[in-house]
């Protein structure tokens, strides 16, 4: 799992390298710049003739000056532009700027009211290196920097960003006024959180992480899920497994006219490896389910919420995990049923859709839940539970996911592009897989079934993490375009996703 760093954690990593390990900061900059040059030279070998290096006055600019010096050593003459005031270039950045000029490279300057030097460097450039701002930017761009970003984005040449595209918030992925659109981002020492949340994720291009000559961060709170993580979490089955030992998932979902959600949830569980699945819906739903199912079993709850909850508890005996909510209804009886089961079921449970609506902002009740809980809200549901807007959730998804988890005491899966999995102790995992084709009704129901199938084998945090990654990969494999995917097609691709992960390096 790749660590994901905040702005402060990235600074702390550099500080630790210099203070505890005794590695000079200028050596870290040298490793960063040379690593970036090696990557861009490999990716854009045919575009090194007229490279424009656009740098700011800070230490990210220093990384850019190292890249420019590497270009000189490779027999190229970079077009170098300092955006901002020369007197603000200090420390290691100033040392590397002076070294570059000692090699005979002219470094032009772009000022607030005169960007002609930048325009000249970008005109006919074969490649652009963005070294304006690194992780330290925490305020909206303005003035000459805002104009410089616009000029870079207007260039026809590919852009390589150093550490992260200038204008992206390293913590959240927000665009701070404007941001560079890169084809490649070379990030240093570890991935940054903002590279894996939108809108920043849409502007980063390919991301390559290069070392800076010291050990990577240990014990990062957030991590980026990879194929290797799923291989560890969900190993191959024993040869003597049978349906009774593969897990029995109970799905309490579905009301008349809304049985599709229950069916998709059950299909997701079966395709993930559950040996048995029982669908149990509201009164009147069983007949509709029986007409649709083949491999799944069905049952039905009585009408009054108290009687329905008692029946659900009976059905839960002998089962291994449960899903509550998809298509269950938000009428008073449905709300009471969801609220009661969310707390009283002793099985590990996934709470989704109507069950989340039933909880509302009263997440504290889940602190007394009789078993592990996984909540799977989309941004709208998360906003309702937090008492804010979807825009506020999306502005800092890491904070929103963690807040939901800490309020409820449950593992939280904040769905969307760059799905985040959070648990109350502050641990976070991010899935960068998936496709826009997954933005269709029913894919969330499939995900609930996937996680429920894994809950008997794993902790709630690991089951949610593995389920999210497997689900996203299955979406990629099933999609034929960026749209038109059907939820049952994603479910059918789950076994293929398992094999794809296991066959990868």
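The values are calculated or read from the model by the stated rules, or taken from the named source; none is laboratory data. Remember, predicted model here, so these are calculated numbers, not experimental data. In this analysis, Cβ positions are derived from the backbone assuming ideal geometry, glycine residues included, and neighbour counts consider all displayed protein chains.
Can you name every residue in segment 200-211 that is more than 23 Å from residue 175 (Cα to Cα) and outside any loop (DSSP other than H, G, I, E, B)? Don't jump to the end; show me each part of the working.
Initially, segment 200-211 is screened for residues more than 23 Å from residue 175 (Cα to Cα), giving 210-211.
If the condition is that a residue be more than 23 Å from residue 175 (Cα to Cα) and outside any loop (DSSP other than H, G, I, E, B), then 210 is the only one that fits.
Spot the failing condition for residue 426; the list is (1) more than 30 Å from residue 331 (Cβ to Cβ); (2) crowded, with 19+ Cβ neighbours inside 10 Å; (3) within 16 Å of the chain's Cα centre (by Cα), and only one is missed.
Every condition holds for residue 426 apart from (2).
Right, residue 164: surrounded by 22 or more Cβ atoms within 10 Å (Cβ to Cβ), within 23 Å of residue 41 (Cα to Cα), in contact (Cβ under 8 Å) with a residue 40 or more places away in the chain and under 19 Å from the mean Cα position of the chain (by Cα) or not? If you could, list the steps in order and put the result at the bottom.
Working: surrounded by 22 or more Cβ atoms within 10 Å (Cβ to Cβ): yes; within 23 Å of residue 41 (Cα to Cα): yes; in contact (Cβ under 8 Å) with a residue 40 or more places away in the chain: yes; under 19 Å from the mean Cα position of the chain (by Cα): yes.
When the stated conditions are applied, residue 164 passes them.
All but one of (1) surrounded by fewer than 21 Cβ atoms within 10 Å (Cβ to Cβ); (2) closer than 20 Å to residue 230 by Cα; (3) under 13 Å from the mean Cα position of the chain (by Cα) hold for residue 396, so report the exception by its number.
Every listed condition holds for residue 396 apart from (2).
Within segment 429-446, which residues are more than 20 Å from residue 231 (Cβ to Cβ) and buried (at least 20 other Cβ atoms within 10 Å of the Cβ)? If you could, list the steps in order and put the result at the bottom.
Going residue by residue through segment 429-446, those that are more than 20 Å from residue 231 (Cβ to Cβ) are 435-446.
If the condition is that a residue be more than 20 Å from residue 231 (Cβ to Cβ) and buried (at least 20 other Cβ atoms within 10 Å of the Cβ), then 437, 438, 442, 443, 444, 445, 446 are the ones that fit.
Answer yes or no as to whether residue 186 is in contact with a strand residue (DSSP E or B) (Cβ under 9 Å, 6 or more places away or on another chain), closer than 20 Å to residue 63 by Cα, at pLDDT 95 or above and in a strand (DSSP E or B). Steps first, please.
Numbers: in contact with a strand residue (DSSP E or B) (Cβ under 9 Å, 6 or more places away or on another chain): yes; closer than 20 Å to residue 63 by Cα: yes; at pLDDT 95 or above: yes; in a strand (DSSP E or B): yes.
So residue 186 fits the description; yes.
Restricting to segment 1-44, count the residues that are surrounded by fewer than 20 Cβ atoms within 10 Å (Cβ to Cβ), in contact with a helix residue (DSSP H, G or I) (Cβ under 9 Å, 6 or more places away or on another chain) and closer than 18 Å to residue 159 by Cβ.
Qualifying residue count, segment 1-44: 2.
Scan the strands (runs of 3 or more DSSP E) fully inside segment 212-330 and keep the ones with 1 or more residues being in contact (Cβ under 8 Å) with a residue 60 or more places away in the chain, in contact with a helix residue (DSSP H, G or I) (Cβ under 8 Å, 6 or more places away or on another chain) and closer than 19 Å to residue 456 by Cβ. Give the steps one after another, and end with the answer.
Numbers: elements: 222-224, 248-252, 276-281, 297-300, 321-324.
The qualifying strands (runs of 3 or more DSSP E) are 248-252, 276-281, 321-324.
So which strands (runs of 3 or more DSSP E) are wholly in segment 46-157 and hold at least 1 residues that are in the same structural domain as residue 186 (by TED's automatic domain parsing) and under 34 Å from the mean Cα position of the chain (by Cα)?
Counting at least 1 such residues, we get 51-55, 79-83, 127-131.
Suppose we filter 492, 462 for residues that are in contact (Cβ under 8 Å) with a residue 40 or more places away in the chain, under 21 Å from residue 236 (Cβ atoms) and over 21 Å from the mean Cα position of the chain (by Cα); which single one remains?
Details: 462 fails: over 21 Å from the mean Cα position of the chain (by Cα).
The conditions single out 492.
Applying the selection to segment 117-143, what residues are over 16 Å from residue 170 (Cβ atoms) and at pLDDT 95 or above? Break it down stepwise before answering.
In the first step, residues of segment 117-143 are kept if they are over 16 Å from residue 170 (Cβ atoms); the result is 117-129, 142-143.
Once the filter is applied, which keeps residues that are over 16 Å from residue 170 (Cβ atoms) and at pLDDT 95 or above, segment 117-143 yields 117, 118, 119, 120, 121, 122, 123, 125, 126, 127, 128, 129.
Tell me, please, whether a residue that is assigned by TED's automatic domain parsing to the domain that holds residue 48 and assigned to a strand (DSSP E or B) can be found in segment 165-177. Show your work before the answer.
Here is the first cut: in segment 165-177, the residues assigned by TED's automatic domain parsing to the domain that holds residue 48 are 165-177.
Still in the list and also assigned to a strand (DSSP E or B): 168, 175.
Yes, there is a match, as at least one residue in segment 165-177 is assigned by TED's automatic domain parsing to the domain that holds residue 48 and assigned to a strand (DSSP E or B).
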